[in-house]
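Presented below is the structure to which this report refers.
The values are calculated or read from the model by the stated rules, or taken from the named source; none is laboratory data. Bear in mind that the values here come from a model prediction, so they are computed numbers and not experimental data. Neighbour counts are summed over all protein chains in view; Cβ atoms, including those assigned to glycine, are modelled from backbone coordinates with ideal geometry.
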Amino acid sequence: MLSHDQVWTAIDALAARHGMTVSGLAKAAGLDPTSFNKSKRVADKGRLRWPSTESIAKALRATGASLDEFMGLLSGRSGIGGSRATAGGGRYEIPLLGLARAGVGGFFDDGGFPTGQGWDEIAFPASDADGAYALEVSGDSMLPLYRDGDVIIVQPGAAVRRGDRVVVKTKAGEVMAKILSRQTAKRVELMSLNPHHPDRTVPAEEIDWIARIVWASQ
C-alpha cells in the first residue's frame, strides 16, 4: 500500500527530474501554483491531504513523463531529491552542492528540497537519507564546528527544535548555517557557530525555509 509520503515524494522527484519546483510543476499542469506545495499536504487538525489522480495525470502530461516513470519514482528509483543505493550496498548517493552556491536561485524548491540542475553526488553511509542532501563548507565562518571542506548533511522535513544546528535560507537568497536559539510566529533567533560572527534575529516572514543538519563529515 502506498503511503502519503511516498506519493508526495514522487511528485517532488518528478518536478526535480524536469528542472522545476513543485509550484512550477503545478503551474505547468494547469493547476493552482500552490497545489503541490508542502503546506497543502496536511489539512486542519493534521488530516493528510492526497493529490488527486487527475492532478497527477496533468503533471505527467505537462512533463511528458510516463506512468511507468512515475511508478519508478513511487518506489524510490529517483535521482535528485532522494537517495539511491550504490552498487556496493550500504552506501547511498545523495545530492551535493557547495554552500557558497546554495543562495543562487534554482537549487531548491519552496520546501527546501533539492531541485534543478548543477548538483553533484556524494556517498552517504546511511539508509535513512531519503530527501537528504549535502552542502560543502567553504571559508571559516563555521569554525570551530565545521572547517573549510567539511560536508554537512541536511534533511528537510525533519523536526527542528531549539538547540539544533540548522541551515536557513532567507527569501533574499542568503543561506547560512546556525544554531536555532528560538523560533516564534514573528521571528527566528539564530546563534552563530563561530563566536567571531554575530548572532542573527530574522523576521519569520523573511525566512524561506529551515532544515536540520543531521550529520557532518569531520
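Couple of notes before you dig in:
- Condition broken by Ile94, with the remaining ones in (1) at pLDDT 85 or above; (2) within 28 Å of Ile213 (Cα to Cα) satisfied: (1)
- Number of the condition not met by Ser217 [criteria: (1) at pLDDT below 85; (2) in contact with a Phe, Trp or Tyr (Cβ under 7 Å, 6 or more places away or on another chain)]: (2)
Yes/no matrix, rows are residues, columns are (1) out of contact with any His (no Cβ under 6 Å at 6 or more places or on another chain); (2) touching a residue at least 12 places away in the same chain (Cβ under 8 Å); (3) not hydrophobic (A, V, I, L, M, F, W, C):
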site: His18; (1), (2), (3): yes, yes, yes
site: Gly24; (1), (2), (3): yes, no, yes
site: Ala29; (1), (2), (3): yes, yes, no
site: Gly46; (1), (2), (3): yes, no, yes
site: Glu54; (1), (2), (3): yes, no, yes
site: Lys58; (1), (2), (3): yes, yes, yes
site: Thr63; (1), (2), (3): no, yes, yes
site: Asp68; (1), (2), (3): yes, no, yes
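- Output for region 178-198, where each listed residue is more than 12 Å from Met142 (Cα to Cα) and not in a strand (DSSP E or B): Thr184, Ala185, Lys186
- Residue count for region 54-68, restricted to those that are of a type in the set (S, T, N, Q) and more than 15 Å from Ala26 (Cβ to Cβ): 1
- The lone exception for Lys169 - which of (1) more than 17 Å from the chain's Cα centre (by Cα); (2) in contact (Cβ under 8 Å) with a residue 60 or more places away in the chain it fails: (1)
Yes or no, residue by residue, for (1) among the basic types (Lys, Arg); (2) more than 13 Å from the chain's Cα centre (by Cα); (3) assigned to a loop (DSSP other than H, G, I, E, B); (4) closer than 24 Å to Lys38 by Cβ:
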residue: Gly106; (1), (2), (3), (4): no, no, yes, yes
residue: Val154; (1), (2), (3), (4): no, no, no, yes
residue: Gly157; (1), (2), (3), (4): no, no, yes, yes
residue: Val160; (1), (2), (3), (4): no, yes, yes, yes
residue: Gly173; (1), (2), (3), (4): no, yes, yes, yes
